[in-house]
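The values are calculated or read from the model by the stated rules, or taken from the named source; none is laboratory data. The shown structure was predicted, so the numbers you read here are calculated from the model rather than taken from an experiment. Counting neighbours? That spans all protein chains shown, and the Cβs are built from the backbone with ideal geometry, glycine included. Ligands, DNA and RNA are stripped out before the accessible areas are found, and what is left, the full protein with its side chains, is counted by its heavy atoms. Shrake-Rupley method; radii C 1.70, N 1.55, O 1.52, S 1.80 Å.
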Amino acid sequence: MIEVSHVSRNFGDFRAVNDVSFSIPTGQIVGLLGPNGAGKTTTMRMITGFLAPSAGTIKIDGTDVSENPVAAKQKIGYMPESAPLYGEMIVADYLKYIAEIHGEDPEVKVPALCEECGLKEVMSKNIAELSRGNRQRVSLAHALMHDPEILILDEPTSGLDPNQVEDVRAIIREIGKTRTVIVSTHILSEVETLCSRAIIISGGKLVADSPIG
């Protein structure tokens, strides 16, 4: 369960998010929809604990993100729009490194995520050599490494070609069968294809929250 209650975020005199409230129960794929600059990414960064709210509270399964950020973050996997990957590393070595950081057994987790995220063909390649679609897959594997209950994806198909878009969407649908997923996008068709619910933000304010279909 994600509970966002009367959350605002200021950057100097500019209010990027203005009194936003919503809750997401376990097991939904929710689209956070809005134009570029609407406040979607700022909202997601506050949920993940990367930014502190200027006002309001955010709770993950009852844990306040501001008061106990480590416990809250352990429940979340986050894939930012521009994934911060180490381009000089081989994919297999990078995923082993991430597994060790999280205290996971790389001999168990890396093969499982290789299968789940469709990385078999690129495990021996340098990350810098990968297509954007495959880099997104590596980033997704990174976000899933500690088996989080909640997965937050910021523009996961941005810049991909049509085939890559469908591949990434298929992975997200499969992941959404066992996890709560928030997908940020400005593409209405993506929300209609992937999500059971849409939360629309414009000008930093929540303007609609409705099931899809």
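Would you kindly give the portion of the calculated P(r) for segment 1-110 that falls above 23 Å, as a percent of all Cα pairs?
Tail fraction, whole percent: 40.
How large, in percent, is the carbon and sulfur part of the accessible surface of segment 18-148 at a probe radius of 1.4 Å? Write down the numbers at each step before the final one.
Working: 2870 of 6070 Å².
Looking at segment 18-148 in its full context, I get 47 percent from C and S.
Measure of size requested: the Rg and Dmax of the chain, with Cα atoms as the atom set and Å as the unit; please supply both.
16.9, 49
Looking at the chain as a GNM with Cα springs under 10 Å, which of Met145, Met44, Met123 has the largest mean-square fluctuation?
Maximum fluctuation in the GNM of the chain, among the listed residues, is at Met123.
Can you tell which of Glu155, Glu116, Glu88 shows the greatest fluctuation in a Gaussian network model of the chain with Cα springs below 10 Å?
Looking only at Glu155, Glu116, Glu88, the biggest GNM fluctuation is shown by Glu88.
Please identify which residues in segment 11-45 have an amide N closer than 14 Å to a label point set 7 Å out from the Cα of Ser54, following the Cα→Cβ vector.
Under cut-off, by backbone N: 11-20, 39, 42-43.
Probe 1.4 Å, all protein chains in place: accessible area of His102 in Å², nearest 10?
Probe radius 1.4 Å; accessible area of His102 about 80 Å².
Over the chain, give the accessible area per residue in Å² for a 1.4 Å probe, as an integer.
Roughly 47 Å² per residue, with all protein chains present.
Once the Cα atoms of helix 162-175 and of the chain are each reduced to a long axis, what angle between those two axes, in degrees from 0 to 90 to the nearest 10, is obtained?
80
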